[in-house]
Amino acid sequence: MTERRRAALDMPPEEFRALGHALVDRLAEFLHAVPSRAVTPAEAAPALRALLGDDRLPEHGAEAGPLVTRAADLVIDHSLLNGHPRFFGYITSSAAPIGALADLLAATVNPNCGAFALSPIATEIEAQTIRWIADLLGYPRDCGGLLVSGGNMANFVGFLAARRAKAGARVREEGLRGGPELVVYVSKETHTWIEKAADLFGLGTTSIRWIRTDAGLAMDTDALAAAIVEDKRSGRQPFLVVGTAGSVSTGAIDPLDAIARICREHELWFHVDGAYGAPAAALPEAPASLKALSLADSVAVDPHKWLYAPLEAGCVLVRDRRALEDTFAYHPRYYAFKTENDEAPLDYYGLGFQNSRGFRALKVWLGLLAAGRDGCVAAISGDIALARTLESAVLEHPELEAGPGGLSIATFRFAPPDGKDLDALNREILTRIQTGGEAFVSNAEIGGAVFLRACIVNFRTQRADVEALPPLVVRIGRELRR
């Protein structure tokens, strides 16, 4: 009788069940206790490396049970908790628990979402998720799109689709050799992904035109139109305008409707970076300038930001799916996937960067099912209302100065009437808050001045949490002055 092969990484059902139940119990207790824990342990890297112990790869394996327990101890007790109700830092949301269960299910079945044949139901779930996100944003639901890792990758996909559409088919064979200089237009508040894209995809950062902003930090469209005309006159080829739907620093929204008109006039690709703010277009009271993202050729949106999915979950929508195929699709001989019922299968490897792809869509799909449109709208509206509550609380303190803010972002700084060196003082306040564990904020530079920045994309945050932040800043500021 042939001896059965044994694999060190395999696990019998009864062991998987016992470890899984124990871990889920531990995680349920953790989720319940999150508000009572410190936002961050603020431990230094050497101390964390010491916790990990011997740095050599072990020669022999170990039992799974103690390993899972140890991993849970390390991750739960030594992580910054971005799901904490007083985490107001970077735009990372509180992750929906149903999304965590979705990731367990997705990782266990482990479909490869690069091709329909390798992931039939996962492919259809992703396609439905794309349609639902489009519905939520008011974007055409017959668009193309796919799930990616985050905002950088979603914006990269839009950038490359624009480059292929406007530079022509030759760019795939010849690159940018011999053609006119391509130029892209963005506001001065645009996220740094645009520099990465211009650098990595052959244009160089000198191809970026940084358009000035108005008093509200939104793109000045008169300056945009003038820059396009000047580049055309100089023999360059404008090809892409990026509008921002929710800037990182202050939540500013560019006048997307006016930008769309300019793009139509000059036959340019219109891309919207809505990684943060696009879901707010679902609100009935959303401004027309935001709802106009429906006019874009492509839109980036991150479900792991304002749709509360666990990391990683970015998304790109493209009005014409063929633009994605023209940009990314190749058909090697080793991909011999069968066509059923004369309908070409939806193979995501031809729509984006990856061939092998994880099942990111499941956690987004389940989250949208669990919340529905009304649940999403209520959560987003609640976050925005709390940001305005924070602004009101700031205005009540004579030692605090409010800065500009939009969507669910509020900015402010410690500025006593007789204060000096306010930038240095607020940098030190920022450090004290980020290492103190009571709350967590980030920074914004506005008009050359340093401000504290609170962004609320967190369904656990309550009014008491935001109202506790101004007194904390004042207390630390006074201590530093003394």
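Computed values, structure above
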{"read-out": "Residue tally, condition open to solvent by 20 Å² or more (accessible area, probe 1.4 Å) and either modelled with pLDDT under 95 or within 22 Å of Val171 (Cα to Cα) (or both), over the range 218-243", "value": "5"}
{"read-out": "Matching option when the condition is modelled with pLDDT of 95 or more, more than 26 Å from Ala252 (Cα to Cα) and not small (Gly, Ala, Ser), among Ile476, Ile456", "value": "Ile476"}
{"read-out": "Residue check, Thr92 of a type in the set (Val, Ile, Thr), open to solvent by 30 Å² or more (accessible area, probe 1.4 Å) and not in a helix (DSSP H, G or I)", "value": "yes"}
{"read-out": "Only one of Pro310, Pro332, Pro303 that is free of Cβ contacts under 8 Å to residues at least 24 places away in the same chain and open to solvent by less than 40 Å² (accessible area, probe 1.4 Å)", "value": "Pro332"}
{"read-out": "Count of the range 19-31 residues which are among the aliphatic types (A, V, I, L, M) and more than 14 Å from Leu67 (Cβ to Cβ)", "value": "4"}
{"read-out": "Ala117 being among the small types (Gly, Ala, Ser) and either free of Cβ contacts under 8 Å to residues at least 60 places away in the same chain or touching a Leu at 6+ places or on another chain (Cβ under 8 Å) (or both)", "value": "no"}
{"read-out": "Cβ-Cβ under 6 Å pairs, at least 6 apart or on other chains, the range 166-195 side within 29 Å of Gly150 (Cβ to Cβ), far side in a helix (DSSP H, G or I) and modelled with pLDDT under 95", "value": "none"}
{"read-out": "Hey, Ala361 within 26 Å of Trp306 (Cβ to Cβ), touching an Asp or Glu at 6+ places or on another chain (Cβ under 9 Å) and open to solvent by 10 Å² or more (accessible area, probe 1.4 Å) or not", "value": "no"}
{"read-out": "Some residue of the range 455-467 being more than 28 Å from the chain's Cα centre (by Cα) and of a type outside the set (D, E, K, R)", "value": "no"}
{"read-out": "Count of residues meeting criterion [open to solvent by 20 Å² or more (accessible area, probe 1.4 Å) and part of a loop (DSSP other than H, G, I, E, B)] in the range 281-300", "value": "4"}
{"read-out": "In the range 107-123, residue surrounded by the most Cβ atoms within 10 Å (Cβ to Cβ) [restricted to those that are in a helix (DSSP H, G or I) and of a type in the set (S, T, N, Q)]", "value": "Thr123"}
{"read-out": "Residue in the range 372-410 that is farthest from Ile456 (Cα to Cα), counting only those that are within 21 Å of the chain's Cα centre (by Cα), without any contact (Cβ under 8 Å) to a residue 24 or more places away in the chain and open to solvent by less than 50 Å² (accessible area, probe 1.4 Å)", "value": "Gly372"}
{"read-out": "Filter result for Asp77 (within 29 Å of Thr461 (Cβ to Cβ), modelled with pLDDT of 95 or more and open to solvent by 90 Å² or more (accessible area, probe 1.4 Å))", "value": "no"}
{"read-out": "Which numbered condition Ala252 misses (of (1) buried (at least 19 other Cβ atoms within 10 Å of the Cβ); (2) at pLDDT below 95)", "value": "(2)"}
{"read-out": "Some residue of the range 59-66 being of a type outside the set (Lys, Arg) and surrounded by 12 or more Cβ atoms within 10 Å (Cβ to Cβ)", "value": "yes"}
{"read-out": "Single match in Gly65, Gly99 (criterion: in a helix (DSSP H, G or I) and under 30 Å from Phe353 (Cα atoms))", "value": "Gly99"}
{"read-out": "Qualifying helices (runs of 4 or more DSSP H) (wholly inside the range 124-217; at least 2 residues being open to solvent by less than 30 Å² (accessible area, probe 1.4 Å) and of a type outside the set (A, V, I, L, M))", "value": "151-167"}
{"read-out": "Selected residue (criterion: farthest from Leu104 (Cα to Cα)) from residues of the range 321-374 that are of a type in the set (D, E, K, R) and in contact with a strand residue (DSSP E or B) (Cβ under 7 Å, 6 or more places away or on another chain)", "value": "Arg321"}
{"read-out": "Subset of the range 39-55 [farther than 18 Å from Gln434 by Cα and either open to solvent by less than 50 Å² (accessible area, probe 1.4 Å) or modelled with pLDDT of 95 or more (or both)]", "value": "Pro46, Arg49, Ala50, Leu51, Leu52, Gly53"}
{"read-out": "Considering residues of the range 220-249 that are over 30 Å from the mean Cα position of the chain (by Cα) and assigned to a helix (DSSP H, G or I) only, the residue farthest from Ser289 (Cα to Cα)", "value": "Arg233"}
{"read-out": "Those residues of the range 303-353 which are part of a strand (DSSP E or B) and either of a type in the set (A, V, I, L, M) or over 21 Å from Leu137 (Cβ atoms) (or both), in sequence order", "value": "Val316, Leu317, Val318, Glu340, Glu343"}
{"read-out": "Count - residues of the range 250-273 that are in a helix (DSSP H, G or I), more than 29 Å from Leu390 (Cβ to Cβ) and of a type outside the set (D, E, K, R)", "value": "6"}
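Matching residues to (1) surrounded by 13 or more Cβ atoms within 10 Å (Cβ to Cβ); (2) basic (Lys, Arg):
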site	(1), (2)
Thr2	no, no
Pro13	no, no
Ala22	yes, no
Arg26	yes, yes
Phe30	yes, no
Pro35	yes, no
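The values are calculated or read from the model by the stated rules, or taken from the named source; none is laboratory data. Quick caveat, the model's predicted, so the values are computed rather than measured. All Cβ positions, glycine included, derive from the backbone under ideal geometry; neighbour counts span all protein chains shown. Each accessible area value is taken on the protein alone, full model and side chains, heavy atoms only, with ligands, DNA and RNA left out. Shrake-Rupley method; radii C 1.70, N 1.55, O 1.52, S 1.80 Å.
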